[in-house]
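Below: one structure, written as structure tokens.
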Amino acid sequence: MMKTFMRERLFSKQIQNGLKVFVMPKKDYNKIFAMYSTHYGSIDSEFIVPDTGEQLKVPEGIAHFLEHKMFEMEYGNVFDKFAELGASSNAFTNYTNTTYLFSATSYFKENLQLLLEYVDTPYFTEASVEKEKGIITQELRMYEDEPEWQVLLNLLKCMYHKHPVRIDIGGTVESIQKIDVDTLYKCYNTFYHPSNMILFVIGCINPEEVFELVEETENAKNLVPQGDIKRIYPEEPTSVYKSSHKVHLDVNEPLFLTGFKDIDVGYDGMPLLKKEITTGILLEIMFGRSSELYERLYEKGLIDDRFNFGYEGQKDYGFCTIGGETKDPDQLYKEITESIYDNIKKGINIEDFERVKKKFMGEFISGFNSLEFIASNFVSYYHKNINIFDYLNVLEEITMEDVTKRLNSFFDFSRNATSVVMPK
């Protein structure tokens, strides 16, 4: 199947075993970028296995642990193989997805074959699993001293009572000790089934060559499509767990982060995309570099260029974050709070709305000059049941009324929490 969006052609095919493959030819580029992704992240620690109906609760951090282990094959480390083929490879795990990727300017077929081979070939031994526990323990200990990560993690722990988004993506030192070979294989066989995965390839390529190679590789497995995976999350209260948290680490200046917990959740697809863009526009109007608040905070020396904000929206949770380095966390919080109340009272300026909307449109279109931008956004949105090419249409339809409604419903201070990292 072929569709055209913004003068770009997107070819797609579903393999017999359920794998969805998407290819976007970009003839003017000499690079090829591929992402092989499973809809499986750190929050998926309790689920029902589709074929057996078995309900499993697995140790926190196992999705990240699996990602680490996938690079080990019986013959050695996959990174070395990619290097021999002149490719750069990597992987990442977030709250909802685990993705494996490579970029290369040559030996495309060989690199794609290697990507499919190692992600499709689990190889876990008791000795290697025990060794990995030590490596990830060191990684977790390192992040305990990472101020930027701790200020965010502590904010999520303030916001959420039970939802696993409050747990470090890597788990805890205690939880990863409970991981064993059998549990790894159970998680792999559930979430790394082709029906739960997507392959996206972009660059100077022939789509038919990609489909032919993938079909040959995947059909050799003799797998049939798998049913939906039922993911189980604890019932989360609408309130925050606690209003604030403070720690002391090795920083020169305090790190401040405040956020609002979103309770308008439970859906994905186009409604989620509209909510995400609407919230993004609202945050940019209120806290962006062209806002009155940003200019005032900057002049007072309460923020610097690293001041930032953002919204994370998924089907089962959502939150925004606002903050950065500051000499006075209490004063910064006071200024932000007063500004939010002021915006709610006075409303959004129509000129600001139109300006930010045009900015979002321009940034999205310019992003299509980057293979990585297209691939990463396509994959992440796909896992939310969203087609990235609907973005501009949804953006165009968003009105001042939508942003105003979001302003009045989202910024509820009963769902606000604050995290601060102070110098030792």
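The values are calculated or read from the model by the stated rules, or taken from the named source; none is laboratory data. Just so it is clear, the model here is predicted, and its values are computed rather than measured. All Cβ positions, even for glycine, are placed from backbone atoms using ideal geometry, and neighbour counts span all protein chains on display. These accessible areas exclude ligands, DNA and RNA; they are computed on the full protein's heavy atoms, side chains included. Shrake-Rupley method; radii C 1.70, N 1.55, O 1.52, S 1.80 Å.
Observations on the model:
- Only protein heavy atoms count here; under a 1.4 Å probe, Ser244 has an accessible surface of about 70 Å².
- Note on the stretch 94-189: semi-axes of the ellipsoid equivalent to its C-alpha gyration tensor, largest first and rounded to whole Å, are 29, 19, 14.
- Hull-based mean projected area of the stretch 337-393, where the convex hull spans the alpha carbons, in square nanometres: 5.6
- Dividing the Cα radius of gyration of the stretch 303-366 by 2.2 N^0.38 Å, with N the residue count, gives 1.38.
- Accessible surface area normalised per residue over the chain is 46 Å², counting heavy atoms of protein chains with a 1.4 Å rolling probe.
- What a 1.4 Å probe finds exposed on the chain is 48% carbon and sulfur by accessible area, rounded to a whole percent.
- Ranked from largest, the principal axis spans of the Cα set of the stretch 245-388 equal 42, 38, 33 Å.
- With only Cα atoms counted, the chain has Rg and Dmax values of 22.6, 65 Å.
- Summed side-chain charge close to Glu215 - residues other than Glu215 whose Cβ falls under 14 Å, Lys, Arg +1, Asp, Glu -1: -2
- With distances taken between every two different alpha-carbon atoms, the stretch 201-284 has a Kirkwood hydrodynamic radius of 19.5 Å.
- Gain upon complete extension [Lys358, Asp342; 0.36 nm per residue less C-alpha separation]: 3.3 nm
- Long pairs among Lys275/Lys345; Lys300/Lys327; Lys131/Lys178, criterion Cα-Cα beyond 19 Å: Lys275/Lys345
- Taking 0.36 nm per residue of separation and subtracting the current Cα-Cα distance, fully stretching the chain between Thr238 and Tyr185 would add 15.6 nm.
- GNM result for the chain, Cα springs below 10 Å: residue of Glu54, Glu284, Glu139 fluctuating most strongly: Glu54
- On the basis of the beta-carbon distance and an R0 of 25 Å, His248 and Glu46 show a calculated FRET efficiency of 0.15.
- Dividing the convex hull volume of the alpha-carbon atoms in the stretch 11-151 by its residue count gives 163 Å³ per residue.
- Accessible area of Glu253 in the full protein assembly, 1.4 Å probe (Å², nearest 10): 70
- Annotation: extensible slack from Tyr75 through Ser409 equals 114.7 nm (criterion: 0.36 nm per residue apart, minus Cα-Cα distance).
- The alpha carbons of the stretch 1-70 stretch over 47, 26, 20 Å along the principal axes, in descending order.
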